[in-house]
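First the structure, in the form of structure tokens, and then the observations on it.
The values are calculated or read from the model by the stated rules, or taken from the named source; none is laboratory data. The structure presented is a predicted model; accordingly, all values stated were derived computationally and were not measured. Positions of Cβ are backbone-derived with ideal geometry, glycine not excepted, and every protein chain shown enters the neighbour counts.
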Amino acid sequence: MAENQLNTFQVVVIGGSAGSLETVLAMAQALPAQMQAVIIIVLHRKNDPESILENLLSYKTQVPVREVEDKDEIQPGNIYIAPPDYHLLIEDERTFSLDSSEKVHFSKPSIDVTFESVANVFRQRSIGILLSGANADGAAGLLKIRKAGGTTIAQDPVSAEVGYMPQQAIDLGAAGMVLDEIALISSFKELLNA
Amino acid sequence: MGVMLHDEEIEHLTTVLYDLYGYDFNHYARASLKRRVMRLMTIDRVPSFAELLHKVKTEPSYLPQVVQGLTVNVTEMFRDPAVFKTIRETVLPVLATHPFIRIWHAGCSTGEEVYSMAILLEEANLLHRSLLYATDLNPVVIEQIKNGIFPMSQMKNYSENYILSGGKKDFSSYYTAKYNWAKFDERLKSRMIVSTHNLVSDRSFNEFQIIFCRNVLIYFDKELQDRVLTLFDESLDQLGFLVLGTKENLRFTSIAGNYSPFSIKDKIWRKTS
Ligand SMILES: C[S@@+](CC[C@H](N)C(=O)[O-])C[C@H]1O[C@@H](n2cnc3c(N)ncnc32)[C@H](O)[C@@H]1O
């Protein structure tokens with residue numbers, strides 16, 4: 001891969017809680033097999049040692065899916081999942097790191113933590129998408145992405161199964177766009193082709 | 001969190017901590033260290049980085065709080081029960097062939113991991129010929145291991161973990177409840193040697209049949225991880241076991257070649273050469 005391509009890939013970070021799984025799977029299904037972006041998924045879920053989410057996603061897309069381990073390399077063209085019971089951080093442009101510290105908004109992984117870390121490192125190359133949920137996690141982090149010059153989308157609370165989480169982001173002024181699931185998936189595809 | 005810190009500020013702080021007090025946080029993973037510093041400032045209501053630096057330089061009595069704040073102590077008994085099940089079922093029978101069993105829990109925080117292992121050894125009738133070395137850089141957490149007292153509110157969760165780890169007894173038989181605290185059996189503690197040990201600056205101090213270092217390496221950068229793994233390599237018997245955290249990996253590290261996976265899902269390796 002050309003050196004300049006390495007420095008220009010976009011980083012899409014998707015956060016979701018209650019009621020977001022179907023949307024995440026639909027987004028995965030919409031992905032082209034070849035893509036240059038990095039996709040990071042942070043979902044609130046039970047600690048499942050069986051990596052169920054990894055398997056579910058792999059059914060939906062050709063893009064390689066990996067649950068992150070400490071200091072894994074960040075490579076364009078992959079989907080990465082935050083592992084249960086750890087916060088997922090970006091160490092630098094090329095490296096993930098994990099952190100087992102206190103929960104944030106009763107959550108580990110916390111969406112805020114990863115959103116903020118992505119914003120710090122990838123700045124305007126960050127794309128943050130906040131989906132359905134009954135928790136305030138993610139709103140402040142989405143605002144960080146927006147302030148860093150990144151693109152931000154909140155799922156339309158009316159179309160979301162649980163509107164509370166995206167509504168928090170909207171109230172904070174963190175959402176650059178508010179889209180229902182169908183519009184969200186089509187702009188997701190457009191952003192990836194851009 | 002309000003404040004936003006720069007890499008240079010973190011470096012400034014780690015330099016001061018090293019020069020004045022000998023604590024070396026230089027090769028800690030940046031992203032998490034930054035969060036820890038910001039959290040410390042929020043909790044202690046230190047409004048600016050300059051003030052934090054001043055406090056650290058002029059108030060030696062603040063140091064324990066800084067060390068406590070910069071490190072992450074979160075732990076639990078039988079954390080990742082499947083790992084302890086594997087140890088119970090497939091590692092202990094191997095350890096049992098040794099006349100004497102030395103175990104090192106490096107970075108064991110408040111000791112929940114050490115008590116979990118002591119319980120497994122007790123149930124395998126091996127505790128009386130084992131020694132569990134419990135070490136951490138933070139003297140505050142070490143004191144808690146010696147007390148053997150843990151919050152009662154955790155016992156339901158620990159009891160579930162214990163059962164998932166293959167435990168057959170009534171978990172509450174291991175402690176006496178007093179108010180909000182569970183005091184664990186002295187018998188378990190009697191085989192523990194508790195001490196501070198800094199993985200960055202202290203050396204190998206014995207030879208072990210099994211070393212636990214779980215959820216500590218994630219806080220280090222790759223260079224420091226390699227150094228610490230070399231220390232473990234020097235401290236491990238031939239055919240000894242190394243147990244890492246469930247999201248840590250020996251792959252791509254300097255000592256990988258000397259180890260073969262024993263249980264890859266549980267992150268247990270065995271020394272082969
Ligand atoms: C998250 S706890 C892990 C506890 C336990 N092993 C577990 O997995 O549940 C991390 C511990 O590593 C300790 N630690 C951090 N840096 C260290 C160092 N340089 N030397 C020894 N211990 C260290 C911290 O004080 C903390 O208690």
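Things worth noting here:
- Flag for B:K156 being among the basic types (K, R), touching a residue at least 12 places away in the same chain (Cβ under 8 Å), assigned by TED's automatic domain parsing to the domain that holds B:I193 and surrounded by fewer than 17 Cβ atoms within 10 Å (Cβ to Cβ): no
- Elements of type helices (runs of 4 or more DSSP H) contained in the stretch B:75-154, each with 1 or more residues being in contact with a helix residue (DSSP H, G or I) (Cβ under 8 Å, 6 or more places away or on another chain) and within 14 Å of the ligand (Cβ to nearest atom): B:81-86, B:112-123, B:139-147
- Each residue in the stretch B:171-230 was checked for being under 19 Å from B:Q144 (Cα atoms), outside any loop (DSSP other than H, G, I, E, B) and not polar (S, T, N, Q), and 17 of them qualify.
- Residue in the stretch B:195-203 that is in contact with an Asp or Glu (Cβ under 7 Å, 6 or more places away or on another chain), hydrophobic (A, V, I, L, M, F, W, C), closer than 25 Å to B:N26 by Cβ and surrounded by fewer than 23 Cβ atoms within 10 Å (Cβ to Cβ) present: yes
- Only one of the listed residues (A:L98, A:L89) is part of a strand (DSSP E or B), at the interface with chain B (Cβ under 8 Å from one of its Cβ atoms) and more than 13 Å from the chain's Cα centre (by Cα). That residue is A:L98.
- Test: residue in the stretch B:250-261 that is without any contact (Cβ under 8 Å) to a residue 12 or more places away in the chain and in a strand (DSSP E or B): yes
- Criterion: farther than 30 Å from A:H87 by Cβ and within 15 Å of the ligand (Cβ to nearest atom) - qualifying residue of B:F205, B:F212: B:F205
- Which numbered condition B:E234 fails, given (1) in a helix (DSSP H, G or I); (2) in contact with an Asp or Glu (Cβ under 6 Å, 6 or more places away or on another chain); (3) not hydrophobic (A, V, I, L, M, F, W, C): (2)
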